[in-house]
Amino acid sequence: MVAIENLKVRNMIKNHCLAKSISDVAWYRFREWLQYFGIVYGVPVIAVNPSYTSQNCSTCGQIVVKTLSTRTHTCPHCGYIADRDENAALNILKLSLKELANTVGRTVFQVSGEIPLCNA
Ligand SMILES: [Zn+2]
């Protein structure tokens, strides 16, 4: 399984601070290829709602508000400390596993978003 955030690339490009970085890495194209190869190799590519993946604590689930420049997740509720992206990745993985579990028994599924997703 590949777990990603269902980022709205078009909306993110509107943020002039992020636009160049996002365009440089051809984010949208990367996602198209990821989903294409997911279908070819029979690997589910799960895109989850990106809301709060950076803000939620992956250990206790509490919201820990931080700005984009805050790179370390430090949870005042449970004491968990991790790199911001590592904490978000764990949240994305948990959401993806939940989504995958909901698709068991279905041969084709689609997660709402910009791009239709693959066969499970
Ligand atoms: Zn916590």
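The values are calculated or read from the model by the stated rules, or taken from the named source; none is laboratory data. These figures come from a predicted structure and were not determined experimentally. Cβ coordinates were reconstructed from backbone atoms using ideal geometry, including for glycine residues, and neighbour counts include every protein chain displayed.
Values as computed for the structure displayed
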| item | result |
| --- | --- |
| Members of the stretch 22-58 found to be of a type outside the set (A, V, I, L, M), more than 16 Å from the ligand (Cβ to nearest atom) and in contact with a Phe, Trp or Tyr (Cβ under 9 Å, 6 or more places away or on another chain), listed by number | Pro44 |
| Wholly enclosed helices (runs of 4 or more DSSP H) of the stretch 1-71 bearing at least 1 residues more than 21 Å from Asp83 (Cα to Cα) and at pLDDT 90 or above | 27-41 |
| Residue match in the stretch 81-88 (condition: within 11 Å of the ligand (Cβ to nearest atom) and either touching a helix residue (DSSP H, G or I) at 6+ places or on another chain (Cβ under 7 Å) or not in a helix (DSSP H, G or I) (or both)) | yes |
| Test result for Gln35, polar (S, T, N, Q), more than 13 Å from the chain's Cα centre (by Cα) and surrounded by 16 or more Cβ atoms within 10 Å (Cβ to Cβ) | yes |
| Total residues in the stretch 42-82, condition within 18 Å of the chain's Cα centre (by Cα) and within 22 Å of Met1 (Cβ to Cβ) | 17 |
